[in-house]
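Following: one structure in structure tokens, then a few remarks.
The values are calculated or read from the model by the stated rules, or taken from the named source; none is laboratory data. All values derive from a computational prediction rather than experimental measurement. Virtual Cβ from ideal backbone geometry, glycine too; neighbours counted across all protein chains shown. Remember, those area values only see protein heavy atoms, side chains included, never the ligands or the DNA or RNA. Shrake-Rupley method; radii C 1.70, N 1.55, O 1.52, S 1.80 Å.
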Amino acid sequence: MPDLLLEVLSEEIPALMQRDVTRQFERNFRSRLTDARLEFENSESFTTPRRLALLVHGLPAMQADIAVERKGPRVDAPDEAIQGFLKSTGLTLADCEQRETPKGPAWFAVMQEKGRPTGDLLADLLPSTLAAVSWPKSMRWDESGVRWVRPIRSILCLLDDEVVPFRFGSVESGRTTLGHRFLSSGPLTIDDVGGYAATLEDAKVLLARGARMSKIASAAAELAKGAGFSVVRDEQLLGENAGLVEWPVVLMGTIDERFMDLPSEVLRSAMSTHQRYFSLLDGSGRPAPSFVMVANTKTDDSAEAVRAGNERVLRARLADARFFWDQDRRRLLEENLTGLRGVIFHARLGTMADKSRRIEALARALCPAIPGANPDEAALAGTLCKADLVTDMVGEFPDLQGIMGSYYAREDGEEEAVYTAIREHYSPRGPDESCPTAPVCVAVALADKLDTLAGFFAIDKRPTGSKDPFALRRAALGVIRIIIENDLRLPLGDAFREAISGYSDLLPPEPGPGATSDALLAFFADRLRVWLRDRGYPHDHVEAVFTPDWNNDLARLHERVDALTVFLRWDDGANLLIAYRRAANILRIEEQKDGQHYEGEPDTSLFDRQEEHRLHKGIAAARKKVDAALSDEIFHEAMSIVAALREPVDAFFDHVTVNSDDPALRRNRLLMLSQIRTTLDRVADFSKIEG
């Protein structure tokens, strides 16, 4: 079975575009192959700075045949209509079938559509597939008008050892490509698909992104170790460097000693964000006076010129940072607050100065729900947390906002709780970043996110579908994580109303009382469900504990769903769920039949089986213990208590006939089933659990 190779060689593709577009292209092409009835074994996609490549293994030589049916006229239709149908299909009446339809018997033509050779089909598919590639930014570069991220230089396309001929724009496919821009010369002829990767490697191109990342990481670690240092782990930077080079050459440079007293974050930002260098640490964990760079070529002078050039560029960048650091410290951080009046948060939500005032008030208001939080410290940190946005350092290094404010606040003599809260108030920025835990940090981080959510919901700028331009989903998940991971008793509804009140001087009154807070609660309910499912909790377990007052205590809801999930993994829990369903189904059927709801205590004097006495005593004891465990918020213990009911419940169903001929016994036993249902529903709504 033949293999397909497609390579589009262009000018340099931006590193940050490569992975997503490659996956999109492979996914789209696989779908088109399936639609075209071309089954295949598997596929691989590759990117380098200059090429987008795809390998598809195990294609058939021919497209699969299919049977095509066409409905014709009715059997008693005029002869002209029948002859016209036969002419259009190329068949005779003897080749057609009569079938019954709602309008009577009709003629049907059944034809075999022969599959086309795979090469011919691919020649038709590939131009439209390439045209469908969606780049974040693309360009037209010749008279053909087709778009690509950069000008295309050649297209290589082989089915085993045969060229698949097609044209994309003004470029025709063939069997040639180019190797490394500097370390190889002249075109490379690819004889067959199997020799492609090896030919490129001989021409100093490592095709696999993973291979380039591995080579960079191992070489950097080896260089650092030889100097007594270690590399700061940064997977994103590693991937970006792999997208910048086809043949990685890893070098170490030196940082001028006069810059080593700059904050470590400034050094790292200047190196990684601006220059794509790797930072190093010395044996004590402090920034090392060296860095690792990745070049895309070898030189005859052992790379001394490359090293010296990069050191010179970094010196200039760090000299700027030194100047900004010295300038910013000439004034107190609070003196920057006036500058925030000129920074717009949102046209309808005021300036960053307005936001700072709202964060100050909200952080203070949240402190009673955060054990150990000092309201004055939280308010001060809230006031200052955005002040570094107008500093020279953050203007040049935007990724240091919050961090630089923390340094400047510490230089000004502020308390540790205040400058730490300024540093951490953006956290968590994503699922992998840790949450603030210090009380004042928690208050300010929550206030910042709640203020943003309240403002954009109040002006109806809510996330829609896949669009979330103001990162409100991320802010909501941050609030959820902070509350749950810090075990806070913070009613969200009250927090939303407090946040919304901060906009009273900027926005008109709400269209209805609580409209924005209700919309926020619905939004948070969805985000909480997503967060719990991402942590491995089944959706039905989440719904089983989602009580109407869920928003009053997220931490307890999390503990409850965790306890329920563990409980249902036990044999006793799974079997008790079966018994619950049996009881609930019988009750539902009998209540519908009788037109009444069975609820209340059964009459013990009517018990005539030992199993009834045992179950009644077990339920009474369990109910008292469950209520105590729920009151103490020990949810795993509550689940353990109801698990003990499994044996008496099983015995009851094995030996007691619920639908007795005696009406009094039947009613009494239905009340026992009601006791099973209500007791288990105390810990979760078991009716919502599936499977």
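Values for this structure:
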| item | result |
| --- | --- |
| Radius of gyration and Dmax over the Cα atoms of region 28-144, both given in Å | 22.0, 67 |
| Descending semi-axes in Å of region 402-534, equivalent ellipsoid built from Cα gyration tensor | 26, 18, 14 |
| For region 642-685: rounded, prolate or oblate by the Cα gyration tensor [a/c cutoff 1.5] | oblate |
| For region 502-613, projected area of the alpha-carbon convex hull averaged over all directions, nm² | 12.4 |
| Under-5 Å amide H pairs with residue 288, H placed in peptide plane, nonlocal only | 280, 281, 282 |
| Centroid-to-centroid separation of region 633-679 and region 439-491 [C-alpha atoms, Å] | 44 |
| Average Cα contact separation per residue, region 1-64, under 8 Å, 6 or more apart, as relative contact order % | 51 |
| Nonlocal amide H pairs with residue 163, under 5 Å, H built at 1.01 Å | none |
| Approximate shape of region 322-481 as ellipsoid semi-axes (Cα gyration tensor, √5λ), whole Å, largest first | 24, 19, 15 |
| Rounded to 5, percent antiparallel among DSSP beta bridges of the chain | 95 |
| Centre separation in Å (Cα based) which lies between region 76-146 and region 558-599 | 55 |
| P(r) histogram, all alpha-carbon pairs of region 175-236 included - 5 Å bins from 0, percent | 4, 16, 20, 17, 13, 11, 10, 6, 3, 1 |
| Rel. contact order, % - alpha carbon contacts under 8 angstrom, at least six apart, the chain | 7 |
| Cα extents of region 539-677 along the three principal axes, largest first (Å) | 49, 30, 24 |
| Under the Karplus curve 6.51 cos²θ - 1.76 cosθ + 1.60, θ = phi - 60°, whole-Hz ³J(HN,Hα) for region 443-459, x wherever Gly or Pro sits | 4, 6, 4, 5, 4, 4, 6, 5, 5, 4, 4, 4, x, 6, 6, 5, 9 |
| Accessible area expressed per residue, region 98-196, with surrounding protein chains retained (probe 1.4 Å, Å²) | 53 |
| Sulfur and carbon atoms: percent of accessible area, the chain [1.4 Å] | 49 |
| Percentage of interatomic Cα-Cα distances in the chain larger than 44 Å | 52 |
| Region 536-591: C-alpha gyration tensor shape, a/c 1.5 cut-off, then a/b vs b/c | oblate |
| For region 471-542, accessible area per residue (1.4 Å probe, heavy atoms of protein chains only), Å² | 45 |
| Where chymotrypsin sites (Phe, Trp or Tyr not before Pro) fall in DSSP loop in region 411-473, at most 16 other Cβ within 10 Å | 470 |
| Distant alpha-carbon pairs in region 469-518 (separation over 14 angstrom), percent | 63 |
| 5 angstrom amide H check on residue 351, placed H, neighbours 5+ away | 345 |
| Long pairs among 386/461; 593/688; 215/298, criterion Cα-Cα beyond 20 Å | 386/461; 593/688 |
| Value at 222 nm in deg cm²/dmol, rounded to 500, when DSSP H runs of n ≥ 4 in the chain each add -39,500 (n - 2.57) | -15000 deg cm²/dmol |
| Spin-label model distance (nm) - residue 515 vs residue 297, 7 Å beyond Cα toward Cβ | 6.3 |
| Accessible area of region 407-467 divided out per residue, in Å², using a probe of 1.4 angstrom | 42 |
| Taking only Cα atoms of region 499-567, radius of gyration then Dmax in Å | 15.4, 50 |
| Long-range tail of P(r) for region 396-449 (Cα pairs > 12 Å, %) | 62 |
| Calculated Rg and Dmax of region 144-254 using C-alpha coordinates, Å | 17.8, 56 |
| Per principal axis, descending, Cα span of region 219-352 in whole Å | 56, 32, 27 |
| Cβ-derived FRET efficiency at R0 41 Å, residue 308 paired with residue 330, nearest 0.05 | 0.75 |
